[in-house]
1. Please give the direction-averaged projected area of the C-alpha convex hull for region 1-85, in square nanometres with one decimal.
2. Report the label-to-label distance for ASP49 and GLU34 in nanometres (one decimal), using points 7 Å from each Cα along the Cα→Cβ vector.
3. What's the carbon and sulfur percent of region 1-90's accessible surface, probe 1.4 angstrom, rounded to a whole number?
4. Give, in nm to one decimal, the length gained when the segment between GLU149 and ASN168 is fully stretched (0.36 nm per residue of separation minus the Cα-Cα distance).
5. What length, rounded to one decimal in nm, is gained on full extension from VAL103 through to GLU19, with 0.36 nm per residue of separation minus their alpha-carbon distance?
6. Rounded to whole Å, give me the distance from the Cα center of region 107-182 to that of region 1-75.
7. Would you kindly calculate the translational diffusion coefficient of region 101-182, applying Stokes-Einstein with the Kirkwood radius from alpha carbon pairs, for 10 °C and a viscosity of 1.306 mPa s, and quote it in µm² s⁻¹ without decimals?
8. From the square roots a ≥ b ≥ c of the eigenvalues of the alpha-carbon gyration tensor of region 62-131, which class results: rounded (a/c under 1.5), prolate (a/b over b/c), or oblate?
Amino acid sequence: LAALAITDPAIPAARNEVESAALSFASSLIYIDEDATLAALQTAARSADVLHLATHGPFRPDNAFFSSLKLADGWVDVRQLYRLPLNARLVVLSACESGAGQVQGGDEVIGLARGFLGAGAETVVASLWNVHDASSARLMADFYHCFTENRSPATALRSAQLESVKRNQHPYYWASYFVIGR
């Protein structure tokens, strides 16, 4: 696992989210706040099997290519994501609207998830709407617990979402996440 997190008043649980995710793996690299830079993203993308980002990810409906992820040294947009030296088989985007997209040029859906798929990710976990920070952190802890038990990303996400249902959480808090790919 390689994980990047930006914390600010709007997403105070991002740090706890990546630290909790790291507990499920034998080996992990964590980049938090000022360490979560574009250079760190490139290093993480090149070196890890699983890449996790807990940050802001606004979707831009006016131009989906300008949808971006916030890092400590600026924003990385879809076009930059296409060029990442990505070896990670799974990318988890724990960011608002990270799975939103806009159909362009035939049937091509452009957005953050597409940027990672274009860079070579086999599977992307992303969200369709604004996510609740603390609930997402809990969901991701459950997801990684299941995923590291040799479950597929889709099965692990389903299990984590069912745990949220058992806690009587409203679907707003867990239903935005979905899996693209294998």
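1. Working: hull surface 22.0 nm².
With every direction weighted equally, the projected area is 5.5 nm².
2. Placing both labels 7 Å beyond Cα along the Cβ direction yields 3.4 nm.
3. Details: 2060 of 4050 Å².
On region 1-90, the fraction of accessible area on carbon and sulfur atoms equals 51 percent.
4. Values: separation 19, 0.36 × 19 = 6.84 nm, distance 2.45 nm.
Extra length from GLU149 to ASN168 when fully extended: 4.4 nm.
5. Values: separation 84, 0.36 × 84 = 30.24 nm, distance 3.52 nm.
Between VAL103 and GLU19, full extension yields an extra 26.7 nm.
6. Centre-to-centre (Cα) distance: 15 Å.
7. Details: Rh = 13.6 Å.
Diffusion coefficient, whole number: 117 µm²/s.
8. Details: a/c = 1.23, a/b = 1.08, b/c = 1.14.
It comes out rounded by the Cα gyration axes.
The values are calculated or read from the model by the stated rules, or taken from the named source; none is laboratory data. Bear in mind that the values here come from a model prediction, so they are computed numbers and not experimental data. Cβ atoms come from the backbone with ideal geometry, glycine included; neighbour counts cover every protein chain shown. Note: areas computed on protein heavy atoms with side chains; ligands, DNA, RNA excluded. Shrake-Rupley method; radii C 1.70, N 1.55, O 1.52, S 1.80 Å.
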